Amino acid sequence: MFTAGTESFLRQAREIQDQELKKFCLRITGLLQKEDLGNETIDCLQRLFLIVSATKYYRKLEKKFVELLLSAMYFPKSPEQVQVLCAAILREISPSEDLTLFYDHIQNTKLLSLMSSVLLAQGNKRDEVRDVGLRVTKILESRQPEGQSLRYLLPVLSKVITLSPKVLKEDQINLLNKRLIDWLRYASIQQGVAQISGGFFSNPRARQPGPITEVDGAVATDFFTVLSVGQHYTEDQWLNMQAFSMLRKWLLYSGNDGTETPDSDDKSELEGSIMSMVSATSTSSRLLPPKERLRENAFEYCQRLIEQSNRRALKKPDCELQKACLVEAVIILDLLCRQDSSFMYRTLSCLKTLHGRLCGDLAYVQALLPVAQFFLNHSEAAAVDSEAVYQHLFTNIPSELFYNSMLAFEFIQFCRDNIHFFNGNLSIFKSSFPNLFKFLAWNSASLISEFVDILPVFIDASTAIEMLHVLLDLPCLTAALDLYLRSSFPTAEKPLWDPSLKPTSCLDGVRDPYHQALFQYLLRPKAKGFIKGLAPLHELLKPMAGCARVIQCAETVPILIQLFFTVVTEFADGTLINQLAVLLLGRSGLLFDVPQFKAAVHREMSSQLLVLCKLHPSLVVELSKELLEFTGTIRNIHSKENIFTHVVWAIGEYLSVLYDRRCTVELINKFFETLEALLFEITQFRPSATLPKCCPRVITVLMTTLTKLASRSQDLIPRVSLFLSKMRSFAQSPAMTSVYSEEDTETILTRATELMNLLKMPSVAQFVLTPSVEVSNPRYHLDTNTSLPLALQMASRLVEKEASLLSWQVRGRPTRRPGETNERTMRRKDSAEGEGE
Amino acid sequence: MVHAFLIHTLSGSGQATGDATFCRVLYSQVFGSERLPDEPGPRGPERDRLLRKEQLLAVARQAETACKLLQQASGRPPTDLLPQSSDEPIPLQDAPSGVFRLRPGDPFQEAKVVVWLRLLSLGCALVCEPHENLLLAESTLRLLTRLLLEHLKLLSSGSNVLLRGDRIEAILNHFLPQGQLLFLNDQFVQALEKELSTSLAR
């Protein structure tokens, strides 16, 4: 248990000064020099290990002391504890320049493995990885040293090839291939003998080794594998286990290292493997070069594992191992087929049978992923139809096992790794997105970062609308999945859901046919278009909205929406953009009532609406009906303030003949009247109404938009000027001063005055508020990279052509605030107000 | 192949107070140093070591967060996971665990996958290569945790995980040699446990 005591102990270790450390090292030196390897030394070494490992800063140990630790490792009488501790200390201080290891004479494989761990930690500055690799290979090649086990060296070899891919030469690889064949395929099928010294009471008959058995207790019928059971294991059985553990790595290493040419194999090398010559039963494969032979043996081994994994294990840990072995075997088979296509047909039939078996047994579900991977990789080359495999994988698995977090992770990894396949013509993948979102809805915290990688693949013109709905309904889906689990496993001993929550009303509600249909729709496995009216479900699931899992999921939605729009705006045409905008307006009021969810989604929706408008300004004209309806509803100001403000700003910005020729005066007038009525309502009627306070920003944006519209339909100018002039009396009314602070009032009044002044000069107003594309598009005032000549050119053009206008305008603005030099600045302020969320 | 193994604290779940809210790496072993790109410029051993330590701390912090979020989602209060008495056996099968991916460059040069397991106020984690057999990694992590519990009395009060470095090392040397995940059936595990006990008894 980690307690305050441990914490303070850790701190003491960190705070030890160099001087104290030096003294402590001297003490250890004394002990080691006396060859005192008892408890005191061990205790001191434990402390030293703690001191060097507890801090991230470097602890300097004297070169002499480092050498002493090394010799303590070598020292034959050193107990294992001392050796292990010395190695641990040396590893902790690595990379170390004071470290020189001589280990060519070491025959003890256990010690060699320990030394290797120290050397491999040095960062390969002096080619240590290569040295270790060569040394280990040499021992593995040669006759096994007496009383030493090679099994400590295989993991070293495995690490070496991981760290440095070009260490071994081809002839070494070939020799190791042969050794691996022996270990994998020709390990003894008799049990090992217990290592009891033949004492007085030992019964010689009891030590008679029996045959190896399978995991279900039956006598083994074929060669030894990691799923073979014995009371004791022989050396070659240990090596078999080690060899299989590193087999995938080795096949990848030896197969992909530019050593594809088999011609280097001569007869003398063939003789290197004595055991395989003696016990090999299949003669055909014996004539192959070692690499091919290893593949052949690996293939047989995997096939045997697949067969063995079908047995009913007597012990639970073995049952777990069967699953892991099955996964590994399928991955290796896939690898073999990639390296050598001649395995394809044999593997194909084997994996087809396996798939049939796996479909009926959810316990082995993890193996379905490598099986599917195999079919993805090879079905085209093998000309087989593997639709059923994907169909089962994408339809059944996510809906049934979305709560299995490990599977969810692997499933999404699988999708990410195969994006290139799915991007082609695998429609089943794309259409399964509602199903895959179940993984995210349930495991949102752990999967969100994976999901952002695959989300873009799902989005195209045909799925965009449904996808956006799915994203917005994600927290609702989490709640629905929770209910699904509760109703499917009501008596589960270890519930997967939050047991503190008892949503009885939801469970009852889901059972009635009306809700049932909506519920089924929400849990649909495949995309099937959007149906309207999930609102009743939101209402029904409301008691679940506060549940932690739902909240976690809700937090991911804004991120996904943002990503969605980044992708969709790449390809969307006007029609789709309009659909999306309508969807955003519509859904802004139809969101699952999770704390803070609405506000966060509204924020994201607002900024995305602006993006859509900017991309397709005609939207404002084409969707005029929807926008008028939205802005005409006074409720929206309060419930969706953010979106409302942005919509109003967008109307002012884009409702112009500049962006769309269809923008008539009538349309402008219509919008003007709606917005005017609205502003009138919130400013003039406010005192008597019971509506809550309206943010000053809404008022300023409304005023600005009205002014903009008036500048484009100049008959409206007197109306808006009159309105703006009334703002002063409005601001000074007692009802108003009680609600708005002085600063707010000041902001509103300043904006009203500015706009009024601008409207006094209609042509200037039009230039400022609706600049032509040629003026506004270069946006010199925003472009920080504008070159000096460009800036000068611009300035001179302004001065020459518009000198009179400018001077007149500057003089004509009585309430110009400091820092505001011309109308352009003002325009920028205005636009920043709308966009600068 | 496993790149690293670590034992770290999980804040907000134990009785520790004050500074203990920080995540601490109590033990770590990196199996072979990471392949580093050939960057120009000086990079002393001290910096390499610092980088290694920071990487492990980053993993521990992420595992801690992952654990916290999982715990939150389960809706159970953290105290629910504390044992009634320290002698009670911990049902390791039910210990919360999870897996997450580290993107290349953050914090390791290459992408990694971390499998973590929570043991009351301690966390254990394996930093694996991206396409490691996760079923095997998870069962190995559970096995290692069980052995740590048995041989270090990890959770009984008074014992000090900090001064049992040799035992942790011995367990790793047997069951995760050089970071190699082993396909061990139950008989192999028993044989290795016997070997481990003999080496620890000496």
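The values are calculated or read from the model by the stated rules, or taken from the named source; none is laboratory data. Since the structure is predicted, the reported quantities are computational estimates derived from the model, not experimental observations. Glycine also receives a Cβ, built like all others from the backbone with ideal geometry; neighbour counts cover every protein chain displayed. Keep in mind that these areas ignore ligands, DNA and RNA; they rest on the heavy atoms of the full protein, side chains included. Shrake-Rupley method; radii C 1.70, N 1.55, O 1.52, S 1.80 Å.
Structure notes:
- Residue count, the range A:316-368 (criterion: within 13 Å of another protein chain (Cβ to nearest Cβ), among the aliphatic types (A, V, I, L, M) and within 17 Å of A:R248 (Cβ to Cβ)): 10
- Sole residue being part of a helix (DSSP H, G or I) and more than 8 Å from chain B (Cβ to nearest Cβ), chosen from A:L99, A:L114, A:L134, A:L85: A:L134
- Figure legend. Inter-residue proximity from the range B:122-147: first residues over 17 Å from B:C67 (Cβ atoms), second residues of a type in the set (D, E, K, R) and part of a helix (DSSP H, G or I), beta-carbon distance below 8 Å, spacing 6+ or different chains. Indicated pairs: B:N133/A:E328; B:L134/A:E410; B:L135/A:E320; B:L135/A:K323; B:L136/A:E328; B:S139/A:E320; B:L147/B:E193.
- Test: A:F402 is surrounded by 22 or more Cβ atoms within 10 Å (Cβ to Cβ), within 14 Å of chain B (Cβ to nearest Cβ) and in contact with a strand residue (DSSP E or B) (Cβ under 9 Å, 6 or more places away or on another chain): no
- Total residues in the range B:27-49 satisfying the condition of being at pLDDT 90 or above and either open to solvent by 50 Å² or more (accessible area, probe 1.4 Å) or not in a loop (DSSP other than H, G, I, E, B) (or both): the figure is 4.
- Qualifying residue in the range A:197-208 (condition: at pLDDT below 90, open to solvent by less than 60 Å² (accessible area, probe 1.4 Å), more than 22 Å from A:T109 (Cα to Cα) and over 42 Å from the mean Cα position of the chain (by Cα)): yes
- Top-ranked residue of the range A:375-404 - restricted to ones that are assigned to a helix (DSSP H, G or I) and of a type in the set (F, W, Y), ranked as farthest from A:L336 (Cα to Cα): A:F394
- Total residues in the range A:44-78, condition facing chain B (nearest Cβ under 7 Å) and open to solvent by less than 30 Å² (accessible area, probe 1.4 Å): 3
- Listed conditions (1) more than 30 Å from the chain's Cα centre (by Cα); (2) surrounded by fewer than 21 Cβ atoms within 10 Å (Cβ to Cβ); (3) within 13 Å of chain B (Cβ to nearest Cβ) are all met by A:L485, apart from (1).
- On the stretch given as the range A:311-326, residues that are in contact with a helix residue (DSSP H, G or I) (Cβ under 7 Å, 6 or more places away or on another chain) and open to solvent by 20 Å² or more (accessible area, probe 1.4 Å) total 5.
- Members of the range A:476-506 found to be aliphatic (A, V, I, L, M) and modelled with pLDDT of 80 or more, listed by number: A:L477, A:A479, A:A480, A:L481, A:L483, A:L485
- Subset tally (residues that are within 14 Å of chain B (Cβ to nearest Cβ) and either open to solvent by less than 10 Å² (accessible area, probe 1.4 Å) or part of a helix (DSSP H, G or I) (or both)) for the range A:157-175: 8
- Hits in the range A:632-667 - residues which are surrounded by fewer than 21 Cβ atoms within 10 Å (Cβ to Cβ), of a type in the set (A, V, I, L, M) and at pLDDT 90 or above: A:V665, A:L667
To keep it simple, each residue is scored yes or no on (1) surrounded by 22 or more Cβ atoms within 10 Å (Cβ to Cβ); (2) of a type in the set (S, T, Y); (3) under 15 Å from the mean Cα position of the chain (by Cα); (4) within 27 Å of A:C547 (Cα to Cα).
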residue	(1), (2), (3), (4)
A:L376	no, no, no, no
A:E380	no, no, no, no
A:V389	yes, no, no, no
A:N423	no, no, no, no
A:N435	no, no, no, yes
A:F439	yes, no, yes, yes
A:S444	yes, yes, yes, yes
A:D460	no, no, no, no
A:E466	no, no, no, yes
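- Filter pass, A:V365 being at pLDDT 95 or above and open to solvent by less than 20 Å² (accessible area, probe 1.4 Å): no
- A search for C-beta distances below 8 Å between a residue of the range A:308-321 that is outside the structural domain of A:F223 (by the TED database) and any residue that is buried (at least 19 other Cβ atoms within 10 Å of the Cβ) and part of a helix (DSSP H, G or I), counting only pairs 6+ apart in sequence or on different chains, returns nothing.
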